[in-house]
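Down below is the structure, laid out as structure tokens.
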Amino acid sequence: MDIFSQLAAGFANVFVPANLLALAIGTVAGMLVAVLPGLTLVMGVVLALPFTYTLGVTPAVILLTAMYITGTYGGAFTAILFKVPGEPLDVPLLWDGWRMAQNGRPAEALGWTLFAAFFAGILTVSAMVLMAVPFAKFALKFDAPDYFAIIVFGLTSVVALGGASLTNAFISMFIGLFIATIGVDETFGAERFVFGVPLLADGVEYLTVMVGAYGLGEVLVRFEQGFKTAPMSMGAKVQTKLPKLVDAMRMRATIARSSLIGLLCGIVPGAGATIASFVSYGVERQYGEHKGKLGSGIPEGIVAPQIASTASVGGHMVPLLVLGIPGSGATAVILGAFLLHGVQPGPQIFQTQPLMVYTLFASMFVAVFAMCLLGYFAIKPLVRVLYFPEAITSAYVVMLCFIGAFAARNNLTDLWMVGLFGVIGYLFERFKFPIAPMILGCILGPTAERTFQTTMISFQNDWTIFFQRPVSGTVMLLAAIALGVPVIKAWRETYIPAIRRGRK
């Protein structure tokens, strides 16, 4: 059966009531999460994850993926209308979107955002469908050493996810890897770091780590700050004016550049929607036809970051499905949903679960249309959530954290773990340690350990095998470059000036 036949079967399966309901909930929830400042997209997906535990794997992944793709668009409304970015990826939209709204054209600014999100959504899903199968056929030739090398390369995304401090990013990642080793070893059956506590014998559920660190930890940070964000009042009329086709065609160079940047940033581990948005805006400022006018409220400054951020979604989903490697915080949560339902993403998934995969592809097409319809017709009632005081929304987040963690396994000890990792998440935020590398370590740690042990058993403990095989050797070299270049750069920026000052 060819791709188009399987995609047609996927579209038919999307409209099964359970899948369609999950898609509708995910679209609305993703928009709400993106509209509400302070509730990040990753946090929203994390809070939704435990409630998918009772669903089948297909509606669960559809719900989370719909939240992911719509979340890259919904934050544009607060950025343009209120100068408050719902997500870091929405910051570049402020520079021209807010300015255009201040110039008396808020409907036009929202229209360009809708156009960019729709175009990028269709493009990224189409590219994902076309890239996934050839990539999977190539990945079927991989052996355990190749998978371990790819996971190591995936862990190098700590460089992009870690923020300003590489040291703190590595510490966070190693804490996550340590958490992943707690419990009984899969290969040899030995207990590790259990200390006689029966609770730790089964290991630490990464779901409680994510929910506690992202959800409860953020609420504790805002509690310490006194919930300073005040409810907003409607400053501009919420309506959308779509651009004319001839105006859109004039920006074909901007559209092409931003689309390519978005897809590439999605495929590269760690370089997600936020980086795509900033890079695309920077490239437009350097090479755009109207580069001198950027920042004054022109359409190019809106279209470039929006297309790039939305286009990155499809790029992220390809390595997630084909290799089981998440390239962003949100795809790490989606990987968690697969694992919770006993499905291991990888090249075999196209043979073992083809209907589920193509239903997911089809649902993303439908989600793009639903996202744009929701943005055009229903955004006015959606932005009313901005009237809620921050303390009230934070109380709902806490409630969802504990209800979701308990619903996953009906285990009261998970509530204690959520509280523990909530405190850890708070301390991470307090002392400027990024949370995303810890989550990445928790999720990729078990797979890395399993593939490493399999390799050592199969190749008589010869660790040089990782550098002898063509695929694993190449990927390990790329991982070394991905880690080495930022480390050398940071060293030169930090220590060379200090040495020079010491000599003087």
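The single condition among (1) buried (at least 22 other Cβ atoms within 10 Å of the Cβ); (2) assigned to a helix (DSSP H, G or I); (3) modelled with pLDDT under 90 that L39 does not meet is (2).
Of a type in the set (F, W, Y) and either buried (at least 22 other Cβ atoms within 10 Å of the Cβ) or at pLDDT below 80 (or both), is that true of F119? Here the answer is no, as F119 does not meet what is asked. Selection of segment 263-313 for residues being buried (at least 18 other Cβ atoms within 10 Å of the Cβ), of a type in the set (G, A, S) and not in a loop (DSSP other than H, G, I, E, B) yields G266, A273, A276, S277, S280, G301, A304, A308, S309, A311, S312. Only one of the numbered conditions (1) within 30 Å of G215 (Cα to Cα); (2) assigned to a helix (DSSP H, G or I) is not met by P434, and that is (2). Looking only at segment 435-451, residues that are more than 20 Å from the chain's Cα centre (by Cα) and closer than 13 Å to I325 by Cβ come to 2 in all.
For the structure I just gave you, tell me whether G336 is modelled with pLDDT under 85, assigned to a helix (DSSP H, G or I) and surrounded by fewer than 19 Cβ atoms within 10 Å (Cβ to Cβ).
No, not satisfied.
Does T70 qualify as being within 26 Å of P299 (Cβ to Cβ), at pLDDT 80 or above and not small (G, A, S)? Considered against the rule, which asks whether it is within 26 Å of P299 (Cβ to Cβ), at pLDDT 80 or above and not small (G, A, S), T70 comes out as yes.
For segment 461-486, the candidate set comprises residues that are over 15 Å from T156 (Cα atoms) and among the β-branched types (V, I, T); within that set, the residue that is modelled with the lowest pLDDT is V471.
The values are calculated or read from the model by the stated rules, or taken from the named source; none is laboratory data. Since the structure is predicted, the reported quantities are computational estimates derived from the model, not experimental observations. So basically every Cβ, Gly included, is an ideal-geometry build from the backbone, and we count neighbours across all protein chains shown.
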